[in-house]
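Quick notes on the structure that follows.
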Amino acid sequence: MLRNTSHSYGGIARALHWLCALAVIAALVFIELKGNFPKGDPLRSGLGYAHVQAGLIVLLLVLPRLAWRLGNPPPAIEPAPSPAMNLLAHAGHWALYALMLALPILGIAFIQANGREVALFGLALPAFMPNDPPLGKELKEIHELLGNVLLWLSILHAAAAVWHHRFLKDDTLTRLTGPMR
């Protein structure tokens, strides 16, 4: 089943969710590891490159994911959560979508504002930012701040899914994973 049903997410929604999750995790891991190496170290440069590639993959995945989400309503949670919990969940999901869109775009913008090219696996992206290093520095700071917000929101998202499964005993998690033992 490719489309969502009233009880579970379909194959496309599941695939897009987990591919986005893997790309976000990869981007976060690569950038955190990069800081462990001195400037000029080839491994540091390679991790920076891998971070950019993972971020661009997030951007490529989140656009069809959003389109799919808008055309395929999520299945209802059983038993139904309180209105307040439902509101928090929706706010959290849309914040994650916004961050998955904003972070790669900000990353592209600050790299280009620093006069460097951005390429996805060797294919150069069109430049949309002028060479403006002071602006690039400001954009990088915003990118890093929002990256930390994404990290903590992702942790909270995963913890909430486990909490729903283990303690509330609802089907929040199994709608996306299938039955769990």
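The values are calculated or read from the model by the stated rules, or taken from the named source; none is laboratory data. Because the structure is predicted, anything quoted here is derived from the model rather than measured. All Cβ positions, even for glycine, are placed from backbone atoms using ideal geometry, and neighbour counts span all protein chains on display. Areas reflect the complete protein model, heavy atoms only, side chains present, ligands, DNA and RNA absent. Shrake-Rupley method; radii C 1.70, N 1.55, O 1.52, S 1.80 Å.
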Which numbered condition trips up Glu78, out of (1) surrounded by 15 or more Cβ atoms within 10 Å (Cβ to Cβ); (2) charged (D, E, K, R); (3) touching a residue at least 40 places away in the same chain (Cβ under 8 Å)? (1)
Do we find that Asn36 is open to solvent by 20 Å² or more (accessible area, probe 1.4 Å), within 25 Å of Ile155 (Cβ to Cβ), more than 21 Å from the chain's Cα centre (by Cα) and not charged (D, E, K, R) in this structure? yes
Being of a type in the set (Lys, Arg) and more than 30 Å from Ile77 (Cβ to Cβ) narrows Arg116, Arg175 down to just Arg116
Quick one: which residue in Ala102, Ala109 is closer than 23 Å to Trp18 by Cα and out of contact with any His (no Cβ under 7 Å at 6 or more places or on another chain)? Ala102
So Leu88 fits all but one of (1) in contact with an Asp or Glu (Cβ under 9 Å, 6 or more places away or on another chain); (2) open to solvent by 80 Å² or more (accessible area, probe 1.4 Å); (3) of a type outside the set (S, T, N, Q); (4) part of a helix (DSSP H, G or I); what number is the exception? (1)
Kindly indicate which of Arg69, Arg65 is of a type in the set (D, E, K, R), part of a helix (DSSP H, G or I) and more than 14 Å from Ala21 (Cβ to Cβ). Arg69
Identify the single condition in (1) loosely packed, with under 15 Cβ neighbours inside 10 Å; (2) farther than 18 Å from Arg14 by Cα that Val118 does not satisfy, given that it satisfies every other one. (1)
